[in-house]
Each structure stands twice: as C-alpha cells, then as structure tokens.
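Student: Take this structure, written in structure tokens, and hold onto it; I'll ask about it next.
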Amino acid sequence: MQERLSALLCWLNENSGAVTAMAALVGVVITTVYTAVTGALWRTTKRQATLTREIFEATHRPHISIRPHLLTAAHPGHVRIDFELKNHGSSPGIVTAWVARLATRHTELATSGMSGTLCVFPGGTQNAPQLEVEGPPAGLLWQEQSIVTLDVRATYLGADPKTSYRTRVVAHALVTAAHTLILKDVQHEVE
C-alpha cells in the first residue's frame, strides 16, 4: 500500500503541470455549465415575470363597451343617438377621447366629440355625448337606398396612465318607420 502511495506521489510530482492544467480545465467546464444554467434560469424567470405582469394587467383593467340607442322617437327632421358606456373590467376606466360620426357614402351627417373626461366604474355605466342630426340630412336616414354608417370611438385609461385602451363600434344604421334605430353589421373592436 505504501508503495502505491509513493508511486502516486512521484507521478503527481513529475506531472504537476498536467494535473494543474487538468484541474483548471475541469474548473472552466464547471464554470461554463454553471453560467449556462444560470443564464437559462434568468431568462425563464424574466419570461415568467413578464407573463405574470401581462396576466395581472389583463385581469385588472377596464373593458369599456359602447351601446348606441335612441332615447326619444326619431322623425325625418331630427334624429338623436345616445350612447351608453359600460365597464366590464375590474378597474375604473377614464375616457379621454370620444368621437361619434354618422355619414352616408358621400355626406357626413353629424359628428360629436368630447372635452374633458368621463369615468366609468367597474360594472357601471356612463352616458357619453350624444349625436344629433337635424334638418334635411336627418331625412337621409329614412331613404330606402341610403347606407348610413355609424362609427364611434373611445380612448380610455386604466390604473396605469401610460397605457391607453381603445374601443370602437362600426355599424350600418337604419331608422325605421316605427321611429326606432336598427343597427346592422355591427362590429365592436376592443384594444
């Protein structure tokens, strides 16, 4: 046993440079593997944190919808379309921009905007500025062949003032002989 130990010590003494180089190489390999695993863990953690933030923001934000309707009966000389905003989200929505437009292919019948802001609380509703058409342009809504497009857009903020959201309703509008508003081909977009 002593002979083997002596032989090993002699060999180590004679090859100390090689042993040192081998130990350094093993250290480099271990460090490289550790660095790669740490980098992979860091990237995975970063992706998970981003995903968690996106999920939180998606579930804790306002989701505002727009519902157009006639409050009073329309007649050929006057049409007023009212709008109700509803927040389906879990945080208040602050409407900062509002544009409602009613037009035929060639004629803009009416446009309404907004100055200031509107706040719509979760589960709540809020009236938005109405759209009124008076005089001869209102008569275009009763013409059989006229295609009247209603385009309504709202921009709003949630808890984070840096992130804005948008909702839009585009539809073909028809006022019937019964003085009611019918919307056809309604598209509701939310961003």
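Coordinate-derived values only; no laboratory data. Fair warning: this is a prediction, and the values are worked out from it, not measured in the lab. Using ideal geometry, Cβ is built from the backbone for each residue, glycine included, and neighbour counts are taken over all protein chains shown.
Student: By counting other Cβ atoms within 10 Å of each Cβ, how are SER112, SER6, SER164 ranked from fewest to most?
Tutor: Numbers: SER112 17, SER6 10, SER164 14.
By the 10 Å Cβ count, ascending: SER6, SER164, SER112.
Student: Taking only DSSP H segments of four or more residues, each worth -39500 (n - 2.57), what value at 222 nm results for the chain once the sum is divided by all its residues, to the nearest 500 deg cm²/dmol? Mind dumping the intermediate values first?
Tutor: Values: 3 runs with 61 residues, N = 191.
Theoretical 222 nm ellipticity from helices: -11000 deg cm²/dmol.
Student: Further question: Mind checking the angle between helix 16-59 and the chain's longest principal axis? C-alpha axes, 0 to 90 degrees, to the nearest 10.
Tutor: On a 0 to 90 degree scale, this one is about 20.
Student: In what sequence do MET1, MET114, MET22 fall when counting other Cβ within 10 Å, fewest first? Intermediate results must be reported in sequence, preceding the final value.
Tutor: Details: MET1 5, MET114 15, MET22 11.
Placing the least packed residue first, the sequence is MET1, MET22, MET114.
Student: Using alpha carbons only, what's the Rg to Rh ratio of the range 64-190 with Rh from Kirkwood?
Tutor: Details: Rg = 15.1 Å, Rh = 15.1 Å.
Expressed as Rg/Rh, it is 1.00.
Student: Still on this model: To the nearest 10 degrees, how steep is helix 2-14 against the longest Cα principal axis of the chain, on a 0 to 90 scale?
Tutor: Helix 2-14 sits at roughly 60 degrees to that axis.
Student: Contour minus end-to-end for ASN13 and LYS86, with contour as 0.36 nm per residue of separation and end-to-end as the Cα-Cα distance? Kindly include the intermediate steps, with their values, before the conclusion.
Tutor: Working: separation 73, 0.36 × 73 = 26.28 nm, distance 8.39 nm.
Once the chain is fully extended between ASN13 and LYS86, it gains 17.9 nm.
Student: Once you have the Cα-Cα distance between ILE182 and ALA97, take 0.36 nm times their residue separation minus that, and quote the gain in nm to one decimal.
Tutor: Numbers: separation 85, 0.36 × 85 = 30.60 nm, distance 2.55 nm.
Gain on extension, ILE182 to ALA97, equals 28.0 nm.
Student: Which length gain, in nm to one decimal place, applies between TRP42 and LEU174 when the Cα-Cα distance is subtracted from 0.36 nm times their residue separation?
Tutor: Working: separation 132, 0.36 × 132 = 47.52 nm, distance 5.76 nm.
Computed gain between TRP42 and LEU174 is 41.8 nm.
Student: So for the pair MET1, GLU57, with labels modelled 7 Å out along Cα→Cβ, what separation do we get in nm?
Tutor: 6.9 nm
Student: Quick check: convex hull of the Cα atoms in the range 2-59, volume per residue, rounded to a whole Å³?
Tutor: Numbers: hull volume 4.1 nm³, N = 58.
Taking the convex hull of the Cα positions in the range 2-59, it is 71 Å³ per residue.
Student: At a Förster radius of 41 Å, what calculated FRET efficiency corresponds to the Cβ-Cβ distance of ALA73 and THR50, to the nearest 0.05?
Tutor: Working: r = 53 Å, r/R0 = 1.28.
Calculated value: 0.20.
Student: Show me 53-61, 129-137, 167-175 ranked by packing, highest mean number of other Cβ atoms within 10 Å first.
Tutor: Values: 53-61: 11.9, 129-137: 15.2, 167-175: 18.4.
Top of the packing list down: 167-175, 129-137, 53-61.
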